[in-house]
Structure formats: structure tokens, C-alpha cells
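Participant: After the C-alpha cells below, expect a handful of questions from me.
The values are calculated or read from the model by the stated rules, or taken from the named source; none is laboratory data. All of these numbers come straight from a predicted model, not from anything done at the bench. Positions of Cβ are backbone-derived with ideal geometry, glycine not excepted, and every protein chain shown enters the neighbour counts.
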Amino acid sequence: MDIKSLKGVGEKTAGLFQKLYITTAEELVRYYPRDYEQFARPVSPDKAPLEEIVAVAGQIGGNVSTRHVKGLSITTFETVCDGIQVHMTYFNMPYLKNSLKRGIPYIFRGRLQRKGTHYVMEQGKIYKPEEYMALVDHLLPLYSTTRGLTNNAITKAVRQAISLVDLSEDPLPDRIRETQGFCSLEEAVKQMHFPTDRETLVKARERLVFDEFFRFILVLRRMRDTSEQTKNAHPMIEVAQTGRLIEALPYRLTDAQQRVWGEIRADLTSDCTMNRLIQGDVGSGKTILAFLSLLMCVSNGYQGAMMAPTEVLARQHYETLLEMQKKYRLQIHPVLLTGSTPARERREIYAQIESGEADIVLGTHALIQEKVVYHNLALVITDEQHRFGVRQRESLMQKGNTVHVLVMSATPIPRTLAIILYGDLHISVLDELPADRLPIKNCVVNTSYRQTAYKFIEKEVAAGRQVYVICPMVEEGEMEELEDVGSYTLKLRHALSPSIQIASLHGRMKAAEKNRIMEEFGAHHIDVLVSTTVIEVGINVPNATVMMVENAERFGLAQLHQLRGRVGRGDKQSYCIFISKSERPETMKRLKILNESNDGFYIASQDLALRGPGDLFGIRQSGDMRFVLGDIYQDAALLQCASDWADRILMEDQELSGEEYQVLLDRLNKDMINEVDFRTI
């Protein structure tokens with residue numbers, strides 16, 4: 001059902017919805033709120049949490065004055081709340097001077113701050129007491145918006161869509177629903193958008209998160225034969241070339257690297273096909289193990305392919321391999337194949353791959369296009385594997401005859417969850433960093449530290465270093481209380497020296513533009529890159545020594561650690577500054593775990609222990625399979641439950657041929673067809 005079939009949605013509004021990847025009523029129904037506005041009862045300023053949205057009740061205790069500064073009108077007044085003065089400031093709202101009356105009770109709702117001994121609130125919404133109390137204890141949906149599309153417009157469209165889309169067919173079998181006490185799909189979707197209260201919201205979210213995990217695991221299990229190991233169709237023997245390369249390297253492999261390399265060699269020379277995951281922090285040395293695996297494959301007369309999530313990363317792998325080929329006289333012929341490879345060059349590469357002349361193929365999803373025919377592909381490596389959908393990896397594997405599979409991930413996932421998420425893959429963990437790596441210096445601070453941070457950034461840039469600044473949102477208005485890339489880039493251009501080159505990057509840019517900016521940052525034509533979490537796996541820039549993360553309190557610890565991995569990759573001291581708008585003790589305690597450790601697996605285990613069902617919404621985790629609602633840390637118990645049910649059902653009915661599974665099977669088949677990343681599951 002086209003989005004334009006909804007009343008009030010014309011061509012222009014449909015275009016705005018399309019920016020949010022919504023083109024149908026069905027997609028709109030599954031566009032869940034990113035948070036809810038909760039109207040709590042007014043509190044006294046001295047009992048209210050600072051830097052958070054609160055309501056205070058009071059009367060105006062003096063004159064309302066308006067002054068003009070550089071074309072901006074600033075209206076200020078004092079309000080007395082429970083005997084405590086709060087200084088109120090409003091920008092470009094001069095009419096308040098005439099509309100507000102002394103001695104009349106009002107309720108002000110906004111972010112309460114303390115500057116010195118004074119309480120202040122800027123742009124607080126003003127309500128009459130009876131108007132505000134009618135909203136108390138209600139949960140109103142807040143959607144991620146885009147410029148030109150208001151939250152109110154999305155809310156109205158969602159109400160219509162829910163009434164039009166048929167949600168009566170529930171894909172979850174009755175016995176699972178009854179055993180787990182889940183509500184129906186229709187009830188879950190309605191309550192997710194317009195909850196009766198917090199309890200029903202939690203129950204609705206549990207049901208929908210279970211659905212995501214359950215279908216994901218079923219798709220994974222059905223696409224891989226987990227019941228038996230496949231016979232090795234490409235047997236290999238150990239070769240001298242890999243040993244000579246290890247001896248020639250200017251550094252010694254860590255004990256963890258040597259252990260994992262031994263596991264890979266054993267797989268490739270065994271009777272069964274390799275299906276192995278290497279988990280390791282950024283900088284733990286996964287790439288050299290991938291190159292050694294490719295060298296062993298080629299030395300045995302086969303072809304190997306390595307797929308990266310971005311063109312920039314694929315090119316970096318290719319250039320590194322070319323340098324190693326020249327320096328160590330490796331007998332290999334690597335080629336690079338990406339979406340931007342010119343047509344003529346692409347045809348030549350296709351021919352080299354098909355003839356076997358090219359024995360190592362590096363690239364992006366271009367490696368799995370139909371026109372790519374491999375001569376004798378034996379090994380497939382996917383880097384940052386969570387960035388690829390199941391179907392994409394499967395397509396690459398099918399380019400060969402039961403090929404060996406090696407997947408690599410820098411996302412620190414506790415082993416219990418990794419076993420579920422990665423199906424039948426054997427798991428190797430690189431739990432050791434090279435000895436010459438300087439530990440990153442971290443600090444967790446509040447917003448008052450910003451000016452100090454800006455001075456530090458200027459100092460590092462003056463020393464020839466580069467800086468990442470991470471904002472959770474793309475553009476202004478998506479979430480009012482959070483920093484966005486667009487506004488923050490302008491803010492930094494005013495705050496930092498004019499000589500500093502600042503650029504911005506986010507996931508809504510076209511691929512060519514993203515690649516251009518990442519390459520310019522890599523070449524040091526850009527000093528400061530303001531970005532969303534899209535840089536998490538994008539590039540390797542050893543010269544970047546500072547990362548500053550805004551709204552750090554809204555990210556998971558594991559993701560913050562993943563982001564931190566973009567710095568500390570060279571021989572200079574690196575720093576990470578986490579800025580939190582919330583100073584609540586539990587928030588600061590959680591963030592300060594990042595001060596204690598640079599060990600991703602320890603941090604992930606702490607993230608798992610500290611996050612709970614009460615933390616309904618944070619910034620979407622980037623490295624956790626791109627589930628729409630589910631979070632593998634917060635929802636670990638639901639993930640385990642979904643895995644247990646998937647195993648139980650497939651043991652009883654491998655083909656899901658029973659009548660009770662027909663709606664589920666139809667949905668799974670749609671998932672399999674549409675799936676590019678895990679977002680559609």
C-alpha cells in the first residue's frame with residue numbers, strides 16, 4: 001500500500017518519508033518511535049535531576065524583559081518554584097512579554113541546568129496547570145524525523161496506517177505466544193506506537209524484539225546446514241610461504257594471533273570445510289591472519305576472496321597487500337573489484353578471475369555479482385561481517401564449491417551470545433593487543449568541558465594530528481535533545497580556528513560522496529571529521545589521535561568502545577573524550593567503565609550486566625546486526641529464549657511444513673528474498 005494512499009500524504013510529503021526509507025503503509029507501521037514523551041508530575045528544582053527534561057510549577061516573580069542581540073531577541077524572567085528562583089530564557093519569542101502575567105500559576109517543562117548557584121531553563125514549554133495535568137502519566141510517541149516532516153505529521157500518518165494495514169495474521173505460532181505470555185502481533189504494534197502505559201509498552205516491545213530475534217535465527221539456521229559438517233572440497237597442505245612471511249614481518253605475532261593462526265591452518269588442512277569467526281578488538285591483528293589465510297590458499301593452487309563493507313576499506317586492504325607483495329616477493333596476483341571500478345577495467349578483472357590469473361580478489365559486494373565467475377574459489381573472507389546480510393555472504397560462498405569461510409568482527413560480543421548469532425561458526429578470539437600499542441587515554445565529562453575539549457582539539461591539530469567528533473543524529477530536529485552532525489559542524493567552524501579544515505559525514509550521503517570524504521580524511525586533507533557512527537568500520541587513519549563523542553550517555557558501552565577503536569592506530573598517544581549531558585550517578589558509573597579498561601570483551605560483559613529492560617531506548621547499536629528494535633546486550637535473555645525456540649521447532653519440523661507454521665514460513669521467505677542487511681528481518 002503506497003504511502004501516498006494515506007490522507008494528507010502527497011508527493012512532497014511522500015518524498016520526505018522516503019528520506020526515512022518509508023514508501024509504504026506497511027513500512028510506516030514498522031517505523032517505531034525512537035522514544036516517548038512522558039509528562040511527569042512537577043517537582044521542586046532542588047529535587048529535580050539536572051540536565052534532564054523536568055517540569056516545575058511556579059509564578060513569575062518579576063518583570064518579563066526582552067533585549068535584541070545581533071538580530072536575535074532574548075526574553076528573560078524569573079519564576080519562583082517552591083520558593084526557589086529559576087531563571088527562564090527564550091529566544092525569538094518576544095510575544096511572551098505580553099502574554100505572561102505575574103501572579104498566575106504556570107508549569108514550565110524543559111531541561112533544568114545549574115549555573116553557579118542559580119537554576120536556569122532555556123526554551124521551556126509553558127502550560128496552564130489544568131492543561132499540563134491532563135497530560136500527566138501519558139506516553140506520547142516521538143519519532144525520528146527529517147527536515148520538513150514533523151513528529152505530529154508522522155503520528156497522524158501512523159494512526160491511519162495502523163487502521164489500514166492487516167495485522168491479524170500472526171506469524172508467531174500460538175504455542176510460543178501462549179507459553180511466553182506474548183500479546184498478539186496486532187496488539188504489540190498498536191501498543192508500541194500508542195502505549196496505554198509503560199507496562200504495556202514493555203510487553204509490546206518484548207513481543208516485537210522476540211519476533212526479530214526468532215526470525216533471524218530461523219533464517220540463519222535454515223540457510224546453513226548445522227546438523228553435519230561438510231566434507232572439505234578444497235584440501236590444503238601447510239606451505240613454507242606463510243612461515244617465511246611470518247618470519248619476515250617487522251613485528252612478532254602475539255600469542256593470541258599464533259593460537260588463532262594455528263586453528264585456521266588446522267581447519268584448512270582437515271577433512272571438513274572451515275566455518276570460523278575471528279573476534280578481536282580493533283588493532284588486535286585480524287587482517288594479517290586474513291592475508292596469511294589467502295596466501296596459504298593461493299600457495300595450494302586455489303583462489304581466495306575477501307569482502308569489505310566499504311570501498312575505502314577494500315582499497316586499503318588491496319594497497320596493503322600490494323605493498324607486502326613487493327616487499328616480501330609474494331607469489332600472488334591480487335585484484336580490486338568495487339562498485340566504482342570503471343567498466344573497461346572491470347571487464348579485464350572479470351577475465352582474470354575466470355581464467356585464474358587473478359588468485360586473490362579484494363572488494364565490496366561487487367564480488368558477488370552474477371558476472372563474476374571464479375576459476376577455483378576455495379576461501380571466502382568477510383571483514384566486519386555484521387555489515388553483510390546472510391544472503392550476501394551466502395551468494396559469495398556459492399561462487400565456489402563448498403568453500404572455506406572465515407568471518408572477522410571487531411564487535412565485542414560475549415561468547416554465549418556469539419554462539420547464537422553466528423550459527424555453526426567455530427569462534428576464535430583475539431584477546432591480546434600488540435605490545436607496542438599505546439593505551440588510549442580516556443575521560444568522561446559533562447558539557448561544561450566542551451570549551452576545554454575544543455582547545456585540546458586545536459592543540460592536536462596544530463601538532464599535525466586529526467580528530468573525529470561523533471554526533472548521534474544526522475540533522476537538526478530528529479531528536480531535539482541530541483547533537484546532530486549538521487549543526488555541530490557549523491558550531492565547530494565558529495569555535496575552532498579558521499585554518500582548521502572541518503568536514504561532515506553521515507549514512508544518508510550517497511556512497512560516492514562518503515567514499516570521497518573518507519579518502520580525503522585518510523589523505524589528511526581534512527583535520528576534523530564530524531560524523532555519525534558510520535565511521536565505525538570505515539577507514540584506518542593512524543594519524544587520528546582524538547575522538548570526542550557527544551551524548552555518550554545514549555550509546556551502549558560496546559558501541560562506544562567500537563567507536564574508540566578508530567583512534568590509537570598509530571605510534572602517537574591517542575585520546576577519547578566522552579561528553580555526557582546526564583550527570584546521574586548510574587550514568588556516570590556506566591560510562592566510567594570505559595576509563596577502567598580498553599578490553600572490548602570486558603566492556604561488552606559489563607554492558608550486558610548493566611543494561612536492562614528499563615533502558616528502552618538509546619542510540620541504535622551500530623555493530624549488533626542492525627535489528628530494528630532488538631539490542632543484543634539489553635535483550636540478551638530474549639535472544640537466548642528465541643534461540644531455544646528456534647532449535648526446538650526445527651528439531652521437530654526441519655522444513656516448517658506443519659499448518660501452524662504457514663504464516664511464519666511465508667514471512668521467512670519474504671525475509672530471505674528481501675534481505676540485504678539484517679534490517680529487514
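Participant: Return the pairs, sorted by first residue and then second, in which the second residue is assigned to a strand (DSSP E or B) and among the acidic types (Asp, Glu), the first residue lies in segment 70-88 and is at negative phi, the beta carbons are less than 7 Å apart, and the residues are 6+ apart or on different chains.
Facilitator: The qualifying pairs are Gln85/Glu78; His87/Glu78.
Participant: Further question: Would you confirm whether or not segment 116-139 contains a residue that is closer than 30 Å to Asp2 by Cα and either part of a helix (DSSP H, G or I) or among the β-branched types (Val, Ile, Thr) (or both)?
Facilitator: no
Participant: Within segment 507-549, track down each residue that is of a type outside the set (A, V, I, L, M), outside any helix (DSSP H, G or I) and either assigned by TED's automatic domain parsing to the domain that holds Val282 or buried (at least 22 other Cβ atoms within 10 Å of the Cβ) (or both).
Facilitator: Quick first cut of segment 507-549, residues of a type outside the set (A, V, I, L, M) only: 507-508, 510, 513-516, 519-522, 524-525, 527, 531-533, 536, 538, 540, 542-543, 545.
Checking which are outside any helix (DSSP H, G or I) leaves us with 507-508, 510, 524-525, 527, 531-532, 538, 540, 542-543, 545.
The answer is Asp527, Ser531, Gly538, Thr545.
Participant: Here's another thing I want to ask about it. Go through the residues of segment 623-641 one by one and say whether even a single one is of a type in the set (Phe, Trp, Tyr), at pLDDT below 85 and either surrounded by 14 or more Cβ atoms within 10 Å (Cβ to Cβ) or under 30 Å from Ile53 (Cβ atoms) (or both).
Facilitator: Yes, some residue in segment 623-641 is of a type in the set (Phe, Trp, Tyr), at pLDDT below 85 and either surrounded by 14 or more Cβ atoms within 10 Å (Cβ to Cβ) or under 30 Å from Ile53 (Cβ atoms) (or both).
Participant: Considering only residues that are touching a Cys at 6+ places or on another chain (Cβ under 6 Å) and within 24 Å of Ser293 (Cβ to Cβ), look in segment 188-244 and name the one that is modelled with the lowest pLDDT.
Facilitator: By that ranking, first place goes to Gln229.
Participant: Okay, next question. Which members of segment 448-468 meet the condition of being touching a residue at least 24 places away in the same chain (Cβ under 8 Å), within 12 Å of Ile500 (Cα to Cα), in a helix (DSSP H, G or I) and of a type in the set (A, V, I, L, M, F, W, C)?
Facilitator: Ile457, Val461, listed by residue number.
Participant: Another one. So which helices (runs of 4 or more DSSP H) stay within segment 195-298 end to end and still have 3 or more residues that are in the same structural domain as Gln325 (by TED's automatic domain parsing) and under 30 Å from Glu432 (Cα atoms)?
Facilitator: On the way: elements: 198-223, 240-248, 255-268.
Correct list: 240-248, 255-268.
Participant: Checking the conditions here, which among Thr145, Thr200, Thr150 is surrounded by 17 or more Cβ atoms within 10 Å (Cβ to Cβ), within 25 Å of the chain's Cα centre (by Cα) and among the hydroxyl-bearing types (Ser, Thr, Tyr)? Walk me through how you get there before you give the answer.
Facilitator: Numbers: Thr200 fails: within 25 Å of the chain's Cα centre (by Cα); Thr150 fails: surrounded by 17 or more Cβ atoms within 10 Å (Cβ to Cβ).
It is Thr145.
Participant: Answer yes or no as to whether His494 is in contact with a Lys or Arg (Cβ under 6 Å, 6 or more places away or on another chain), surrounded by fewer than 17 Cβ atoms within 10 Å (Cβ to Cβ) and farther than 21 Å from Ile603 by Cα.
Facilitator: Here the answer is no, as His494 does not meet what is asked.
Participant: Hey, Arg554 hits all of (1) over 18 Å from the mean Cα position of the chain (by Cα); (2) of a type in the set (Lys, Arg); (3) farther than 21 Å from Gly283 by Cα but one; which does it fall short on?
Facilitator: Unmet for Arg554, out of (1) over 18 Å from the mean Cα position of the chain (by Cα); (2) of a type in the set (Lys, Arg); (3) farther than 21 Å from Gly283 by Cα: (1).
Participant: Being surrounded by fewer than 21 Cβ atoms within 10 Å (Cβ to Cβ) and among the acidic types (Asp, Glu) narrows it down to one of Asp281, Asp211, Asp255, so name that one. Before you say what the answer is, go through the steps one by one.
Facilitator: Numbers: Asp281 fails: surrounded by fewer than 21 Cβ atoms within 10 Å (Cβ to Cβ); Asp211 fails: surrounded by fewer than 21 Cβ atoms within 10 Å (Cβ to Cβ).
None of the other options fit; the residue is Asp255.
Participant: Next question. Give the residue that is surrounded by the most Cβ atoms within 10 Å (Cβ to Cβ), with candidates limited to residues of segment 165-197 that are β-branched (Val, Ile, Thr) and under 19 Å from Glu27 (Cβ atoms).
Facilitator: Going residue by residue through segment 165-197, those that are β-branched (Val, Ile, Thr) are 165, 176, 179, 189, 196.
When the remaining residues are screened for being under 19 Å from Glu27 (Cβ atoms), the result is 165, 189.
Details: Val165: 18, Val189: 22.
Within segment 165-197, the match that is surrounded by the most Cβ atoms within 10 Å (Cβ to Cβ) is Val189.
Quick grid of which residues meet (1) among the β-branched types (Val, Ile, Thr); (2) under 34 Å from the mean Cα position of the chain (by Cα); (3) crowded, with 20+ Cβ neighbours inside 10 Å:
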| site | (1), (2), (3) |
| --- | --- |
| Lys286 | no, yes, yes |
| Gln303 | no, yes, yes |
| Leu330 | no, no, yes |
| His333 | no, no, no |
| Gln352 | no, no, no |
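Participant: Name the single residue, out of those in segment 390-423 being in a loop (DSSP other than H, G, I, E, B) and over 29 Å from Asn598 (Cα atoms), that is modelled with the highest pLDDT.
Facilitator: Here the residue is Val403.
Participant: For segment 325-361: of the residues being aliphatic (A, V, I, L, M) and touching a residue at least 60 places away in the same chain (Cβ under 8 Å), which is nearest to Thr310 (Cα to Cα)?
Facilitator: Ile360
Participant: While we're on this one: Take the residues in segment 554-589 that are under 14 Å from Arg465 (Cβ atoms) and charged (D, E, K, R), then tell me which one is surrounded by the most Cβ atoms within 10 Å (Cβ to Cβ).
Facilitator: Filtering first and then ranking leaves Arg566.
Participant: Now a separate question. Going through segment 97-111 one residue at a time, which ones are among the basic types (Lys, Arg) and under 14 Å from Gly62 (Cα atoms)?
Facilitator: Result: Lys97, Lys101, Arg102.
Participant: In the set Thr89, Thr75, Thr79, which member is surrounded by fewer than 16 Cβ atoms within 10 Å (Cβ to Cβ) and part of a strand (DSSP E or B)?
Facilitator: Result: Thr89 is the single residue among Thr89, Thr75, Thr79 that is surrounded by fewer than 16 Cβ atoms within 10 Å (Cβ to Cβ) and part of a strand (DSSP E or B).
Participant: To continue, here is another question. Quick one: Thr489 ticks every box in (1) over 23 Å from Lys572 (Cα atoms); (2) in a loop (DSSP other than H, G, I, E, B) except a single one, so which number is it?
Facilitator: Single failed check for Thr489: (2).
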